[in-house]
Amino acid sequence: ETNLMPLIGDVFQPLMYPLGLPGEMSLVWVTAMISNIYGRLLALSSIYAHNPLTIAQLTTLTTLILFAHTFLIEIPICKKAGARILPIFLIRFLGGYIFAILINLFYALTNTNQTIVDIPIITPQNLSLSTWAIAEVKKYLIISIIVLSLIILLDILEKIKVIELINKLLYPVIKILGISKEVMPLTLIGMTLGLAYGGGLIIAESKEKNIPKKDIFMSLALLSLFHSIIEDSLLMIGVGADWFGVFILRFIYSIALMLILKKLINHIPLKYLVD
């Protein structure tokens with residue numbers, strides 16, 4: 001109503017074109033960065049009728065959001081755990097944007113996933129205020145059902161030891177990144193269950209133990225790139241994104257970026273990375 005969101009979107013609009021996305025999708029990304037992934041779903045559903053996306057485009061947008069979302073909550077958690085705001089922000093923002101460029105290029109070169117995605121939770125246009133409000137409530141209910149289903153699924157996966165199995169499979173890969181054994185379990189928890197879980201545990205653990213600041217930063221950097229891999233990934237795949245891009249390509253990119261960071265961190269004074 002105040003036209004603030006379109007104004008904010010206009011600032012980010014030029015960034016959408018190298019990604020092969022309509023400029024209007026900047027609103028979806030801005031919403032995700034300011035609020036969260038679920039807010040992004042509502043923003044997307046509101047403008048999707050006039051801006052339909054292919055599977056490739058939707059995957060590009062959703063993976064960008066998987067890297068850069070919920071900044072107002074998750075970046076302060078990283079700061080509380082010991083990392084500085086600027087490097088974590090740059091890792092997530094630039095890291096996500098570069099990946100979005102690469103994955104858009106990948107789909108363009110392979111000419112795959114060019115089918116238009118049908119997203120059913122669309123708000124019809126030119127509504128009265130009351131009809132719009134009812135439509136928004138319906139969307140919130142749909143999102144709530146999705147979230148509840150994911151929470152139940154996560155609980156089931158945890159009880160049948162699937163989370164534990166995933167952690168064991170990830171352990172050898174994470175080890176090569178130079179993340180120490182003190183923060184390894186906390187990092188794995190954050191990767192599977194979310195940055196808030198992993199970051200919160202690192203905050204608590206760092207108060208009780210003398211964990212090297214470099215180890216804390218590396219753990220938080222990885223969590224910033226790749227966290228909540230089950231819930232967030234299933235959510236994006238559920239709305240039509242390509243599972244290979246959302247999970248496999250994003251995982252490979254995150255590990256590659258962490259290996260580069262592992263080399264660079266030895267040449268950067270720690271005072272610029274941690275408090």
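The values are calculated or read from the model by the stated rules, or taken from the named source; none is laboratory data. Computed from a prediction, not measured in an experiment: that's the story for all the values here. So basically every Cβ, Gly included, is an ideal-geometry build from the backbone, and we count neighbours across all protein chains shown. Remember, those area values only see protein heavy atoms, side chains included, never the ligands or the DNA or RNA. Shrake-Rupley method; radii C 1.70, N 1.55, O 1.52, S 1.80 Å.
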Original post:
Which of (1) out of contact with any Leu (no Cβ under 7 Å at 6 or more places or on another chain); (2) within 17 Å of Gly238 (Cβ to Cβ); (3) not in a loop (DSSP other than H, G, I, E, B) is the odd one out, the single condition Val28 does not satisfy?
Top reply: (1)
**OP:** Quick one: which residue in Phe67, Phe12, Phe89 is open to solvent by less than 10 Å² (accessible area, probe 1.4 Å) and out of contact with any Asp or Glu (no Cβ under 7 Å at 6 or more places or on another chain)?
**Re:** Phe67
Original post:
Among the residues of region 254-275, which ones are among the hydrophobic types (A, V, I, L, M, F, W, C) and either open to solvent by less than 80 Å² (accessible area, probe 1.4 Å) or within 16 Å of Arg92 (Cα to Cα) (or both)?
Top reply: Ile255, Ala256, Leu257, Met258, Leu259, Ile260, Leu261, Ile265, Ile268, Leu270, Leu273, Val274
**OP:** Take the residues in region 21-34 that are over 25 Å from Pro76 (Cβ atoms) and open to solvent by less than 30 Å² (accessible area, probe 1.4 Å), then tell me which one is nearest to the chain's Cα centre (by Cα).
**Re:** Met25
Original post:
Mind checking whether some residue in region 123-132 is modelled with pLDDT under 95, crowded, with 17+ Cβ neighbours inside 10 Å and not in a helix (DSSP H, G or I)?
Top reply: yes
Original post:
So is Pro18 open to solvent by 20 Å² or more (accessible area, probe 1.4 Å), in a helix (DSSP H, G or I) and under 26 Å from Tyr272 (Cβ atoms) or not?
Top reply: no
Original post:
Consider Gly39 against the criteria (1) of a type outside the set (A, V, I, L, M, F, W, C); (2) over 28 Å from Leu273 (Cα atoms); (3) touching a residue at least 12 places away in the same chain (Cβ under 8 Å): it satisfies all of them except one. Which criterion is unmet?
Top reply: (3)
**OP:** Tell me, please, whether a residue that is within 29 Å of Gln57 (Cβ to Cβ), touching a residue at least 60 places away in the same chain (Cβ under 8 Å) and open to solvent by less than 60 Å² (accessible area, probe 1.4 Å) can be found in region 169-181.
**Re:** no
**OP:** Could you check Leu195 against (1) open to solvent by less than 20 Å² (accessible area, probe 1.4 Å); (2) at pLDDT below 90; (3) closer than 30 Å to Asp118 by Cβ and say which number it fails?
**Re:** (3)
Subject >> Among (1) among the aliphatic types (A, V, I, L, M); (2) modelled with pLDDT under 90; (3) open to solvent by less than 60 Å² (accessible area, probe 1.4 Å); (4) over 29 Å from Ser219 (Cβ atoms), the one test that Ile37 misses >> reply: (4)
Original post:
Which of the residues belonging to region 231-275 are polar (S, T, N, Q) and touching a helix residue (DSSP H, G or I) at 6+ places or on another chain (Cβ under 7 Å)?
Top reply: Ser233, Ser254
Original post:
Which number in (1) touching a Cys at 6+ places or on another chain (Cβ under 7 Å); (2) open to solvent by 60 Å² or more (accessible area, probe 1.4 Å) marks the one condition that Leu94 misses?
Top reply: (1)
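Only one residue in Leu223, Leu234, Leu249, Leu201 is on the phi < 0 side of the Ramachandran plot, touching a residue at least 12 places away in the same chain (Cβ under 8 Å), part of a helix (DSSP H, G or I) and open to solvent by less than 30 Å² (accessible area, probe 1.4 Å), so which one is that?
Result: Leu223 is the single residue among Leu223, Leu234, Leu249, Leu201 that is on the phi < 0 side of the Ramachandran plot, touching a residue at least 12 places away in the same chain (Cβ under 8 Å), part of a helix (DSSP H, G or I) and open to solvent by less than 30 Å² (accessible area, probe 1.4 Å).
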**OP:** Please go through region 40-77 and pick out each residue that is within 23 Å of Ala221 (Cα to Cα) and among the hydroxyl-bearing types (Ser, Thr, Tyr).
**Re:** Thr59, Thr60, Thr62, Thr63, Thr70
**OP:** Among what's in region 204-220 and is open to solvent by 30 Å² or more (accessible area, probe 1.4 Å) and in contact (Cβ under 8 Å) with a residue 24 or more places away in the chain, pick the residue that is nearest to Leu177 (Cα to Cα).
**Re:** Lys214
